2 protein chains.
Amino acid sequence: MLSKDLEAYFAANTTAARDELFELLRIPSVSARSEHNADTARAADWVAQSLSGIGFKTTVHPTAGHPVVVGEWRKAPKGAQTILIYGHYDVQPAEPLELWNSPPFEPAIRDGKIFARGSVDDKGQLYLHIKALAAHLSARGTLPVNVIVLAEGEEEVGSEHLAEFIESHTDLLRCDGVVISDSAMYAPGQPSILSSLRGLAYFEIEVVGPASDLHSGIYGGAVMNPAMALARILATMHDANGHIAIPGFYDKVRDWGDAARKQVRSLPFDDEHFRAETGSPALFGEQGYSTLERLWMRPTCEVNGLLSGYTGEGAKTVLPSKAMAKVSCRLVPDQSPEEIEKLMRAHVERVAPKGVTATVKHLHGGRAWRADLNGPLFDAARRALASAFDREPVITGEGGSIPVVGDFQRVLGAPVLLVGFGLPGENAHAPNEWMSEENYYQGMRAMAALWDELGK
Amino acid sequence: MLSKDLEAYFAANTTAARDELFELLRIPSVSARSEHNADTARAADWVAQSLSGIGFKTTVHPTAGHPVVVGEWRKAPKGAQTILIYGHYDVQPAEPLELWNSPPFEPAIRDGKIFARGSVDDKGQLYLHIKALAAHLSARGTLPVNVIVLAEGEEEVGSEHLAEFIESHTDLLRCDGVVISDSAMYAPGQPSILSSLRGLAYFEIEVVGPASDLHSGIYGGAVMNPAMALARILATMHDANGHIAIPGFYDKVRDWGDAARKQVRSLPFDDEHFRAETGSPALFGEQGYSTLERLWMRPTCEVNGLLSGYTGEGAKTVLPSKAMAKVSCRLVPDQSPEEIEKLMRAHVERVAPKGVTATVKHLHGGRAWRADLNGPLFDAARRALASAFDREPVITGEGGSIPVVGDFQRVLGAPVLLVGFGLPGENAHAPNEWMSEENYYQGMRAMAALWDELGK
């Protein structure tokens, strides 16, 4: 149960919390569009002023791109922890505008949903943190922990200057834990802690046969066709059961353990609903794993692109000189892109048919991330979420990557808590983006509870 | 031995035969270029006049494209055969001009080679026939057989109107045999009869998985990747020994017989020279067959093109919705494109992985061709070539297709003799095209001998 003084604050401030968020949502801070540069700067100032207003020492740091807002409150009792909250005030472009049922920068509530560009990604999830801090400071004049709020304006354009900012401000940002709310709950009413992100190793494989394209009549049958050779190479990467067949590929995969697997398996999941969402005729993946396990806990090897020879309309009887595939592996702890590169290179070399030369280029990569979910930050988060939502949080995973998580952990050496209040179907990067109004308020209460838990 | 009166004619007409050919070679009858339409028409007239000049009844038939020239001489003794000679008076474009060592339309002789665009393809090989006929008519005032000469002006642009012309002039063109000189001898001094052409069945295979491109992080591992599925399908088309593994694929392949294989194996052939010509790191083909057998006697299955997902620079983490391959099979007698289509379709359906839909579209096809090399036309040709070149002719094959051969055989029901006087390295479609001056004269003598042989 959240303490009464905080509950009273939230009860008295429901309308204000909504109206203030609406103010922020009305600012079209589209970081990708230079014609919105002034709006994006205005959103930074708005966040800075709201932090100053609740008693934070706030600075707007210019970068080569959009500014980074940092607010500090460091008056907690001696020995208290310092927690950094990360969020972003920039939003995706709103186009195509004609698909919106209400204007993207004029927030509207329908069916308990706050419709606006940036409502859930990430203004609503950023501002609920500021209101949770406000509750403490307003009701009690203090917080149980020191808090740094970092809000960037380039998340939707790749956080280009953030890693550099963190690296050059380690003293300012030093902390005992990072809290990020920029993800979704597993289901309505079901609080969730995101515990893992997959990494990536992205390759380009080129297979070269003849020195130039040949006539498939005159030469066909006497030299290895590089496109056929590429197909034969790619076909060796999985066995018939969807298991990756590159020798050594799974050697470094850390087992999630029975408890985590059991927990993932206990999540309600409808394969047919998921299949329909993809439009695929049937689901397919590694034998012995459920869909969620395949997406969150298991590495992949995918073809992202293929190109060879003649690809226009109709027929051209060319025996191509070369063939190219973009191939990328999603990685899980403790696979490293560098090791996977070595294994991929050795495998391709071994299976490449005679009569062609196959080369593997590593384009880029990043490590997977997984929270160990142990320690005071996670324990506090579990209790805070359970008290606010009246339900134990579940642990979820994510198949993609959020590079900033690795940056925080690597540079600041602090554990990262990913606790999001979005919901499935929220249209984060699409028309009619929405955030659940209830989650907005419950998120506030949960985060206010988190500070109490951390102060215990 | 060629009879003395004909030898005397050729001896007296060497310079004229060269000068006349040079006149024709100076006409830039580039059928692909409309700015040369007048030149192309002039070449047609030049050929018509040269036929009229030796006593042929000649007509220039307009078509929707360039005209067809037909000359007839039908005064042979009653019961004599009628032979149709086919050639073409149009030429390939000469570009890139800067790579020519002498102007393409100003013939020049160097090292016994007549350099000019169209020298070997096909003006020289067409005009040597006219001179062989001239020898008979000039020396004796008659020919032992009736002769039709058909010269088209669209061979280098796909003979678009020829099949239609043949079909609508069957009475005019009815004959007992067709002679075509538009190919090469196997080696200098080695007369050759081209006995086979491969056919074609050209497919487009499309593999569709998700309804639209997906994020490879969020969905990767739980649905079948269509590009990977396509690779797996293509990889089933051959075994490791280069044998095509589509069930039933070889069922209709007619055995060439030991004699023909032995003859092909007896031809001098340098694998390393051929490999260097292709630029491939090593030769590869169906086990148990030599390079020439692979090129001439065996069917193929080649990828001509591949396309899927992201193919630009750098990395894009897309899980593509679909993947496409252009796949074509070179066919040999008695495979038919229609049967191969059925087998390909059944095979792809059987091996397509779960989770994708694979479809096979047959874009176009044509049957292979093989002369049985029996009958008076072939016997006469063998004797004529042996007498003119003082060496027995060899039988060769060709891995590509010459559609007009099938058209003649199908519409006119006559055997086709492919006897060419080009040579390897003659640059037929490239800068510095040449024809051996000796072959030009020897070809004349051989064809004059052919008429004598057919009259026996």
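What number, in nm² with one decimal, is the all-direction average of the projected area of the convex hull of the alpha-carbon atoms of the range B:5-75?
Mean projected area of the Cα convex hull: 5.8 nm².
By the scheme Lys and Arg +1, Asp and Glu -1, what is the net charge of all other residues having a beta-carbon under 12 Å from that of A:Gly314? Intermediate results must be reported in sequence, preceding the final value.
Details: positive: A:Lys316, B:Lys326, B:Lys361; negative: A:Glu313, B:Glu204.
Residues close to A:Gly314 contribute a combined charge of +1.
If you restrict to DSSP beta bridges whose two residues both lie in chain A, what percentage is antiparallel, to the nearest 5?
Numbers: 48 of 70 bridges.
Taking every DSSP beta bridge within chain A, about 70 percent pair in antiparallel fashion.
Hey, what's the Cα Rg ratio for the range B:1-119 versus the globular rule of thumb, 2.2 N^0.38 Å?
For the range B:1-119, the normalised Cα radius of gyration is 1.25.
Evaluate peptide A:202-215: per residue, the Cβ atoms of other protein chains within 10 Å of its Cβ; return the mean as an integer.
On the way: counts 5, 1, 3, 0, 0, 0, 3, 6, 6, 6, 2, 1, 5, 2.
Counting Cβ atoms of other protein chains within 10 Å of each residue's Cβ and averaging gives 3.
Hey, what's the Cα Rg ratio for chain B versus the globular rule of thumb, 2.2 N^0.38 Å? Each step should come with its number before you reach the end.
Numbers: Rg = 25.1 Å, N = 456, 2.2 N^0.38 = 22.5 Å.
Output field value: 1.11.
Inter-copy label distances at A:Gly53, 7 Å along the Cα→beta-carbon direction, one decimal in nm, shortest first?
The projected label point of A:Gly53 is separated from its counterparts by 10.1 nm.
Compute the distribution of all C-alpha to C-alpha distances in the range B:69-126, in bins of 5 Å from 0, and list the percent of pairs in each, rounded to whole numbers.
4, 15, 19, 17, 12, 9, 8, 7, 5, 3, 1
Taking every residue in B:283-296, how many Cβ atoms of other protein chains lie within 10 Å of its Cβ, on average? Mind dumping the intermediate values first?
Values: counts 5, 11, 6, 2, 0, 0, 2, 1, 4, 1, 2, 5, 6, 1.
Averaged over the peptide's residues, the number is 3.
Could you tell me the relative contact order of the range A:114-215? Use alpha-carbon pairs under 8 Å, at least six residues apart, and round to a whole percent. Write out the running numbers ahead of the final one.
Numbers: 28 pairs, mean separation 21.4, N = 102.
Once normalised by length, the contact order is 21 percent.
For the protein assembly as shown, evaluate the Debye formula with one uniform point scatterer on each Cα (no solvent term) and list log10 I(q)/I(0) at q = 0.07 Å⁻¹, rounded to two decimals.
-0.70
Shielding by partners for A:350-363, please: the mean number of other protein chain Cβ atoms within 10 Å of each residue's Cβ.
The mean count of partner-chain Cβ atoms within 10 Å per residue comes to 2.
Could you name the lysines in cross-link range of B:Lys57, using Cα to Cα under 17 Å and dropping any fewer than eight places away on the same chain?
Leaving aside lysines fewer than 8 places away in the same chain, those within reach of B:Lys57 are B:Lys75, B:Lys131.
Plugging the Kirkwood radius over Cα pairs into Stokes-Einstein for the range A:96-142, at a temperature of 10 °C and a viscosity of 1.306 mPa s, what D comes out in µm²/s?
Numbers: Rh = 12.4 Å.
Result for D is 128 µm²/s.
Starting from the eigenvalues of the Cα gyration tensor, five times each then square-rooted, give me the equivalent ellipsoid semi-axes of the range A:271-419, largest first, whole Å. Numbers along the way, then the final one.
Numbers: eigenvalues 321, 92, 35 Å².
Over the Cα atoms of the range A:271-419, the ellipsoid semi-axes are 40, 21, 13 Å.
Add -39500 (n - 2.57) for each DSSP H run of 4 or more in chain A, then divide by its residues: what number comes out at 222 nm, to the nearest 500 deg cm²/dmol? Intermediate values should be presented prior to the final figure.
Values: 14 runs with 158 residues, N = 456.
The helix-only estimate for chain A comes to -10500 deg cm²/dmol at 222 nm.
Find how many whole Å separate the alpha carbon centroid of the range A:90-168 from the alpha carbon centroid of the range A:227-302.
For the range A:227-302 versus the range A:90-168, the Cα centre distance is 34 Å.
Mind listing the label-point distances from B:Arg140 to the same position on all other copies, shortest first, one decimal in nm, points 7 Å along Cα→Cβ?
With the label placed 7 Å along Cα→Cβ, B:Arg140 yields 12.2 nm.
What number, in percent, do you get for the relative contact order of chain B if the mean sequence gap of Cα pairs under 8 Å and at least 6 apart is divided by its residue count?
On the way: 928 pairs, mean separation 114.3, N = 456.
Contact order relative to length: 25 percent.
What are the label-to-label distances in nm, one decimal and shortest first, from A:Gln287 to the same spot in the other copies, with labels 7 Å along Cα to Cβ?
2.8
Mind pulling up the Rg/Rh value for the range A:371-456? Radius of gyration and Kirkwood radius, both on Cα. Before the final figure, lay out the partial values.
On the way: Rg = 14.3 Å, Rh = 14.5 Å.
Ratio of gyration radius to Kirkwood radius: 0.99.
What are the lysines whose alpha-carbon lies under 17 Å from the alpha-carbon of A:Lys78, with same-chain residues fewer than 8 places away excluded?
A:Lys456
Straight distance only, please: which lysines reach the Cα of B:Lys322 with their own Cα at less than 19 Å, same-chain residues fewer than 8 apart left out?
Here the lysines satisfying the reach criterion relative to B:Lys322 are A:Lys326, B:Lys354, B:Lys361.
Can you pull the Rg over Rh of the range A:276-343, Cα-only, Kirkwood?
1.11
Coordinate-derived values only; no laboratory data. All of these numbers come straight from a predicted model, not from anything done at the bench. All Cβ positions, even for glycine, are placed from backbone atoms using ideal geometry, and neighbour counts span all protein chains on display.
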